[in-house]
Amino acid sequence: MDIETIQAELYQKFKTVEKASLRYFKSAYVSQESEERYRLLADNITDVIWTTDFLFTPYYISPSISKWLDYTAEEYMKLPVEKQLTPESLEIAVRKLYEEVLKQERGELNESIPITIEHEFYHRNGSIVCAESNISMLRDSLGTPVGLLGISRDISARKQIQKELQDAHADLENRVKERTSDLIATNELLLEEIENRKKAEEALRISEIRYREFIENAPIGMFTIDLEGRFTYANLACLKLTGYALEEWIGKPFMPMAHKEDVLIVKNKMQSSINGEKTISPYEIRIIDASGKILWIEITAESLFEKNKNNIIERVGFQAFVKNITERKKAEEELQNTNKALNESLKNLKKAQSRLVQSEKMAALGDLVAGVAHEISTPLGVGLMSASYLNDSIQKFYNRYISGQLSRSEFEKYSRNAKEAASLVLNNLTQAADLLNSFKQVAVDQSDDEKRVFDLNRYLSEILISLQPKYKRTRHTIAINCPESFEINSYPGVFSQIVTNLVMNSLIHGFEGIEEGKIIINVSAEDGNLMLRYTDNGVGMNPGTVKKIFDPFFTTKRGQGGSGLGMHIVYNLVTQKLNGHIECTSVPEEGVAFKITIPVEA
């Protein structure tokens, strides 16, 4: 049902009680100019008290509205409800009222439980002010619902009402003084003044009754205590909250009701007020109700002042507003426990991921070892065969020499063969030694996180030598364009892992179905940063794959040996270890490009 239909239906429903409502509000608000018995409570309330009919036409708004919205009560009462509440808040209020009316008609309405609504008001300057309102139905002497009574949080002292009351009293005193000089001549006027005073006293009585109803039936707890911490007043909401009778409150100390672990909080707050803090900021404590149950409450307190016998204003106690927040605290505790469990799960996940990453690194190192071992076997085999041939030749040469049968031609033949064999041994052992040195440096760097100064050009060449077994039997090529003697102070092992993972990614994924793959690694220095651009002419990737390329465990080779950690390792090494940045761009059938930017001094 739309909001206009609901409003129309509400209008028809409450047309029947319009006259009763007008009579009630007219008699209830004959005067708001004076008050006596409940003056201390009303003057110190910081929330906004208001009453309206069922179409939200205001009949009373406490002056504290000015502290909220910069409007006087009179100004605000003249505003149409559309200029008081935002459209969303007005709809919430109308729908909630409609629900309560339907409950009333069905006999399901629990009058002891107020409606609680969060909504938004318009400030004079156009800004939005959020508020929480607790709303109850007003009924006349016959029990007929005639309007709404609400309390919106942060009501101020009724300064406007007090001022009007003081002005009325001052005006009355001035009139009496003016006429005292000539009592006989002004007897009729004095009688009239006495009659006016009686009317004012009657208005005061009505005002006292109304404010007592406001406070007694307020949907939030209100109580007062003296400077010794003894209760001097408690409204019905406090009694319902704690389960104690009124006689168990009045004259009794507050501290025994507070949880023993929170007593010090209350004492400190009271002392802060005694030291000069007029309004005590909201604080949360635990209390023990009549059944022994622990409740969480939020207290907002203010000092109470009155004049002593010497007409000096002094502090006489404190006034507090209480809100039950037990359910909220339970929800917060559950949320904390959930967050704790999530953090523990995240910690375990990070440990598992770290182990997987380490396992991936060791697997890559194992592949490197296997490849280099295979690559070394060829020169070592040739060298061993040449050394064996040279050894046999030396033995034969020695035997011929000892027996005196060595001819000049045999000597010359032996010399030529020995020289060739020695050359073969030397060349192949040198090749194996170079390969081992490159592998040793790369392998050590991959397993070591030490930072050092190194020549990046030379180091990249050593990395490619260690990777040759992976592509030597293919037509793929790798080119490096890097300035000569390009020294940087960084982590060589990190560079080795980055380049190795990029190359293996191209060989496994990028060059699938491609006979002549080309990889180009360009290195340059720009604005104090090292720029490494890696490109290949492989099959490329679609946008979805590019978006997930650095995600952990993402692989297009699931079930074919792909772990999904290679590019994730690259991303973490660049961004975390080298404090750099990496970007990936790719178009299907046009290869891939990685742009890595890192500080020269990582």
With 0.36 nm assigned to each residue of separation and the Cα-Cα distance removed, PHE553 to ASN275 gains 93.9 nm
If amide H atoms are modeled at 1.01 Å from N in the peptide plane, then the residues at a separation of 5 or more from ASP140, or on another chain, having amide H under 5 Å from its own are VAL146
Rounded to 0.05, the calculated FRET efficiency for the beta carbons of GLU9 and SER345 at R₀ = 41 Å is 0.20
Set LYS83/LYS198; LYS67/LYS307; LYS78/LYS198, cut-off 29 Å on Cα-Cα distance; pairs above it are LYS83/LYS198; LYS78/LYS198
Rounded to the nearest 0.05, FRET efficiency between ASN311 and TYR283 (Cβ-Cβ, R0 41 Å) equals 0.75
Between the modelled labels at SER393 and THR338 (7 Å from Cα along Cα→Cβ) the distance in nm is 8.3
One finds the C-alpha centres of segment 224-274 and segment 83-127 to be spaced, in Å, by 32
Of every Cα-Cα pair in segment 477-583, the percentage lying beyond 23 Å is 30
The set of residues whose placed amide H lies less than 5 Å from the amide H of PHE486, leaving out same-chain residues fewer than 5 positions away, is LEU456, ASN457, ARG458
By the mean-Cβ-within-10 Å protection proxy, highest first, 406-419, 461-474, 250-263 rank as 461-474, 250-263, 406-419
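All of the numbers you see were taken from the coordinates with simple rules; none came from a lab. Just so it is clear, the structure is predicted and the values come from calculations on it, not from any experiment. Heads up, the Cβs are rebuilt from the backbone with ideal geometry, glycines too, and the neighbour counts pull from every protein chain shown.
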